[in-house]
Structures are given as C-alpha cells and as structure tokens.
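What follows is a single structure, written as structure tokens, with notes after it.
The values are calculated or read from the model by the stated rules, or taken from the named source; none is laboratory data. Note that the structure is a prediction, hence the values are computed from the model and not measured. Cβ: placed from backbone, ideal geometry, glycine included. Neighbour counts: every protein chain shown.
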Amino acid sequence: MPGIDGGTLRAWRRSRGWDVADMARQLRHASGEPVAAHDGLVRMIRSWEDGSHAISERYELLYLRIFPDEPVNGTELRTLAGEVRARAAGLPGPGQVAELEAGALARRPQDEAAVRALAAETLEQVQRAGELLGRLAALLEGGEDDE
C-alpha cells in the first residue's frame with residue numbers, strides 16, 4: 001500500500017474535529033500496546049502531517065483502524081485491499097516456490113547457492129506479504145490485529 005500522505009492524515013483528523021493532542025490519544029487507545037509517549041506522539045503527528053517525516057507502517061495501520069472508511073490518497077481502502085489480494089493471488093505459494101527452486105537447480109547446478117538464497121528470500125517476502133494481507137483483512141473486517 002502506498003504511504004498515506006500528510007495532507008490525508010490532517011484531513012482525517014480534522015474531519016473528526018480533533019486537535020493533534022486528541023489524535024495522539026486516539027492512536028494510543030487504538031493500539032492497545034505501548035506506543036510513543038503522548039508528547040512524542042504529538043511531535044510525530046505534526047511531522048507526518050507537515051511531510052517532514054514519513055509515517056511508519058505501525059502507525060499507518062493504527063490510523064486505518066481509526067479511520068476504516070476514509071479514502072487513502074484518493075483510493076478507497078477496500079479497492080486497495082482488492083488490488084493487493086489480486087496481486088498476492090498470482091504469487092507462488094510455499095510448495096510452488098520449492099518446485100521452482102528444484103527446477104532451477106536442475107537446470108543450473110553451478111548456481112545452486114544463489115538459487116537457494118533467492119528462493120529463501122522470495123519465500124520470506126511471500127510470507128511477509130501474507131502477514132500484511134492478514135492484518136489488512138482484520139482491519140477491513142473491524143477485527144483486532146493479533147500482533
């Protein structure tokens with residue numbers, strides 16, 4: 001998912017009539033886990049909104065939990081989720097990766113170590129994508145993130 005720009009974050013906050021301190025309290029409440037101290041969160045929110053720092057994935061997911069029906073950079077979140085799912089459906093699963101790895105090794109035994117390293121890296125990326133899709137699905141369904 002593309003990062004949420006500062007103007008969007010500011011618009012979301014203002015749409016609820018919240019000041020920056022209120023937004024910090026909402027982020028702390030939405031997390032259910034330890035986050036930055038209140039004053040630190042206030043500074044972070046200001047820097048995200050003015051564009052001097054990019055929002056991290058962790059806080060982006062918290063914003064999406066607070067504002068589940070808001071458009072993200074002009075695109076509905078549900079549309080983005082559908083696009084992510086469609087792309088993920090075309091990725092090979094763990095069994096397919098093993099088959100691809102075996103086929104590549106049979107064709108080029110001199111590159112066995114390189115192929116194994118690439119296959120392991122690809123598998124890690126596919127697993128990470130699956131985790132992110134699960135988190136996104138939980139947010140869309142209004143469930144809790146199991147992190």
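Values for this structure:
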| read-out | value |
| --- | --- |
| Looking only at the range 54-71, and only at residues there that are outside any loop (DSSP other than H, G, I, E, B) and hydroxyl-bearing (S, T, Y), the one that is surrounded by the fewest Cβ atoms within 10 Å (Cβ to Cβ) | Y59 |
| The range 39-62 - residue that is under 14 Å from R13 (Cα atoms) and charged (D, E, K, R) and, of those, modelled with the highest pLDDT | R46 |
| Condition met for L9 (under 22 Å from G134 (Cα atoms) and either surrounded by 13 or more Cβ atoms within 10 Å (Cβ to Cβ) or not aromatic (F, W, Y) (or both)) | no |
| Residue in the range 74-91 that is closer than 17 Å to G6 by Cβ and either in a loop (DSSP other than H, G, I, E, B) or modelled with pLDDT of 75 or more (or both) present | yes |
| Filtered residues of the range 22-53 (kept if loosely packed, with under 13 Cβ neighbours inside 10 Å, among the small types (G, A, S) and at negative phi) | A37, G40, S52 |
